[in-house]
Amino acid sequence: MNRCAPATFGWNSAASAGVALLLAACGWLIFVFAPREITMGDVQRIVYLHVAVAWCALAGCVAMGLAGAAYLVRRTPGWDQWSQSAGELGWLCSTLTLATGSLWAHDAWSTWWTWEPRLTATLVLWIVFAGYFLVRGSIEEPRRRARTSAVLAILALADVPLVVMATRWFRGIHPITPDMDWRMRLVLLASVAGFSALFVLLAAMRKRQLDQAEQVAALERRAGIVT
Amino acid sequence: MELIQAARAWWWLVHKDLLREMRAPRTWAAMLLVALALAMVIQLPLELPAAEKPAFLGAMFWLSAFFAGTLSLDRSFAGEQEDGCWQGLLLYPVSPATVYLSKVAGNFVALCALNGVLLLAFALLSGISLLAQPGLFLATAVMANLGFAAVGTLASALTAGLAQRSGVLVLILLPLVLPVILAAVGATQSILEHEIGAWWRWLQLLACFAAVFLTLGTLLFEFIMED
């Protein structure tokens, strides 16, 4: 493990530096380059963060389900670790989606929360993530935990089209594809790209951490240490 | 030939579950009593204008069906484990998909019986019949119960054997089944408001949901049954 440490440290550092630069550029684009919106003013800049984290929440759910399916096919713990790390980040991003959406709604709709279809579907997604981790925490035996979680992660995929299509299916008031200045659209795309890169980096780091924890646990079991 | 054998095995499994419930009614009796209690509790504070009452009753009908129906779903695998029948079920010379579909059928019958009792209770207590157009309501109930049974059976199997089974079941079942509840409520309201076009769209959503989860359940059940 020690022999690998310098190489992975170098890779991690380079990737982290790259993502940090990308996010710094996003910050400049959001607060300097993007024009001030006429109706909402500076509050509208929340959208650049909100859309990016919402995208990551959905991507987290999809990645969690796909990694779960890969685990059921391959039965290697690595896929279960990918599923868990994607789920954890997806849950974090869905929390941020609800928080930033609430801040935006307070200014746009004069309320912190309304039972609008897409908001409700996003809250459902948050509960699905919560249920996934509750089930994970309830099962001690690792292989059963991985298998049950994988099945649940695949079922959770069914909520993704619901979140995406909620406004169209249930006639909600959430904006779908509003007309935007080209600079605003560019900043939005850059923000989504920046946060997606951060998501991938954090998922990879968390997966590595879970893998190392598993190796330590295996060593402890071999040495007869009970924690 | 294999299909006929599978169908015969499926029927015997359904027959076994129904017979067990007939001989020692535990699940159905509790479920139907909870449904009656819910119907009564809902009617007590109901002092709405006559025009708003049907729409409200439609929503309350499906919510009552969901909460009472969860009791039946909860017991469908827990009963097998408590009585030590799970090992016997695993030893049956039938595919896991057959076992899953038989459990779905058993739960579907239970949910249909529950709908019948709730319809009667709501009609007697509120004076408003949800059966204004029986054919349309029947189609809605069949699709909603099929979707609910498909998801619920999977969730019940996933949580069977967990320490806090009932709590976890509700937590993972509610978000997964929310599209069914919303679509069933929407379809029922459309029937009461004589909007056949809207009803048809809701029914398509219900059918789509049932088809997706029946397929997922049939494919994934073998992974749940491994223990």
Take residue B:150 and tell me if it is within 23 Å of residue B:101 (Cα to Cα), touching a residue at least 24 places away in the same chain (Cβ under 8 Å) and crowded, with 18+ Cβ neighbours inside 10 Å.
yes
Restricting attention to region B:153-163, report how many residues are free of Cβ contacts under 8 Å to residues at least 60 places away in the same chain and either more than 8 Å from chain A (Cβ to nearest Cβ) or more than 12 Å from residue B:78 (Cβ to Cβ) (or both).
1
Just checking, does region A:99-120 include any residue being of a type outside the set (Val, Ile, Thr) and under 22 Å from residue A:203 (Cα atoms)?
yes
Taking region B:189-205 as the region of interest, how many residues are among the aromatic types (Phe, Trp, Tyr) and either surrounded by fewer than 18 Cβ atoms within 10 Å (Cβ to Cβ) or facing chain A (nearest Cβ under 10 Å) (or both)?
2
Determine whether region A:49-56 contains at least one residue that is surrounded by fewer than 16 Cβ atoms within 10 Å (Cβ to Cβ) and in a helix (DSSP H, G or I).
no
Taking the residues in region A:149-190 that are among the charged types (D, E, K, R) and in contact (Cβ under 8 Å) with a residue 40 or more places away in the chain as candidates, determine which candidate is farthest from the other protein chains (Cβ to nearest Cβ).
A:183
Name every residue in region B:50-79 that is surrounded by fewer than 19 Cβ atoms within 10 Å (Cβ to Cβ) and among the charged types (D, E, K, R), in order of residue number.
B:52, B:53
Test set (1) crowded, with 24+ Cβ neighbours inside 10 Å; (2) at pLDDT 85 or above; (3) of a type outside the set (Gly, Ala, Ser) - residue B:136 fails condition number
(1)
Single match in B:134, B:175 (criterion: more than 10 Å from the chain's Cα centre (by Cα), without any contact (Cβ under 8 Å) to a residue 40 or more places away in the chain and facing chain A (nearest Cβ under 9 Å)):
B:175
Across region A:93-144, what is the total count of residues that are of a type in the set (Ser, Thr, Tyr) and under 16 Å from the mean Cα position of the chain (by Cα)?
6
When you scan region B:206-223, how many residues do you find that are facing another protein chain (nearest Cβ under 10 Å) and surrounded by 22 or more Cβ atoms within 10 Å (Cβ to Cβ)?
5
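Quick one: in region A:127-140, of everything that is more than 9 Å from chain B (Cβ to nearest Cβ) and either at pLDDT 85 or above or crowded, with 24+ Cβ neighbours inside 10 Å (or both), which residue is nearest to residue A:60 (Cα to Cα)?
Here is the first cut: in region A:127-140, the residues more than 9 Å from chain B (Cβ to nearest Cβ) are A:129, A:133, A:136-137, A:140.
Subset that is either at pLDDT 85 or above or crowded, with 24+ Cβ neighbours inside 10 Å (or both): A:129, A:133, A:136-137.
On the way: A:129: 10, A:133: 14, A:136: 17, A:137: 19 Å.
This residue is A:129.
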Scan region A:187-206 and give yes if some residue there is over 27 Å from residue A:98 (Cβ atoms), of a type outside the set (Asp, Glu) and not in a loop (DSSP other than H, G, I, E, B), otherwise no.
no
Among the residues of region A:136-186, write down those that are in contact with a Ser or Thr (Cβ under 7 Å, 6 or more places away or on another chain) and part of a helix (DSSP H, G or I).
A:136, A:149, A:150, A:153, A:163
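The values are calculated or read from the model by the stated rules, or taken from the named source; none is laboratory data. As the structure is a prediction and not an experimental result, all values here were calculated from the model. Note that each Cβ is placed from the backbone with ideal geometry, even for glycine, and that neighbours are counted across all protein chains shown.
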